[in-house]
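Below is one structure, written out as structure tokens; comments come after it.
The values are calculated or read from the model by the stated rules, or taken from the named source; none is laboratory data. Please read all numbers here as calculations on a predicted model, not as lab measurements. With ideal geometry, Cβ positions are generated from the backbone for all residues, glycine too; neighbour counts draw on all protein chains shown. Please note that ligands, DNA and RNA were not included when accessible areas were found on the heavy atoms of the full protein model with its side chains. Shrake-Rupley method; radii C 1.70, N 1.55, O 1.52, S 1.80 Å.
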Amino acid sequence: PTQKYYSSIETGDFRILELLWKMENHISRRKWEDAEMELQMIRGRLDVATDRNRQYLEEIQYLIDKQNDAGDFQQRMERMLFILRITMPKTELWSWEQDEFWKHFFTKTEMSVLMDISDEIYRHKEYAKAVQLLERMYSYYVRKNVAQEFHYKITLLIVARLTSALLRCKEYEKAITYIEQGINISFKCCNQSLVGGLVNNWADALEQLGQ
């Protein structure tokens, strides 16, 4: 068939979408062995000559592998950069500090990889660098000419990470500003799944400010 489905992957085989749903459901429930089985089935059916598809599979494989051991900080960063370079070949370490980097039209998978990178930077206690990356990601979505309800989930995941990093940097008032924006997005898009975490961060920030 000539009809294609475009999302995290590109395919004309809609049976793959069922496998995709099952795999992502296993991941959300942290059933990693089951997710690995579904991933291998998808890998056998999906056209991996397409960069978008290969990048998605590599990103999911990394997510599964790191539950056991995906190496040290440097090894993880190199692997994530490798995944990003599948569709963004000129990407180097800290490329996201440059304005030119953000002129790219990012896919969901590319943003997921950047979020993985921010998580790794945060775990390495480079909180200021995590803030820098997450703020650029947040700004990218805010300025997109796309209705917020189409990308609110990843925006809220960015806000949750950003506010935690800002608290580590003792930028409490800035954290509160982002928390308020995140809560507004949550209610506007009728999804309050992350509101509890944002409220906890808000309380921490107010406590540090003596309020």
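For GLU10, the residues whose modelled amide H falls within less than 5 Å of its own, excluding neighbours fewer than 5 places apart on the same chain, are ASN53. What the chain shows is 55 Å² of accessible area per residue, with the surface traced by a 1.4 Å probe over protein heavy atoms.
Check every DSSP H run in the chain and write down those whose alpha carbon atoms cover 15 angstrom or more along the long axis and whose mean Kyte-Doolittle hydropathy is 0.0 or greater.
The answer, listed by residue number, is 152-168, 195-208.
Pairs spanning more than 32 Å between alpha-carbon atoms, out of LYS31/LYS153; LYS31/LYS170; LYS22/LYS174: LYS31/LYS170; LYS22/LYS174. Across the accessible surface of the chain, with the other protein chains kept in place and a 1.4 Å probe, carbon and sulfur atoms take up 49 percent. Remark: spin-label model distance ASP119-CYS190 equals 2.9 nm, labels positioned 7 Å along the Cα→Cβ axis.
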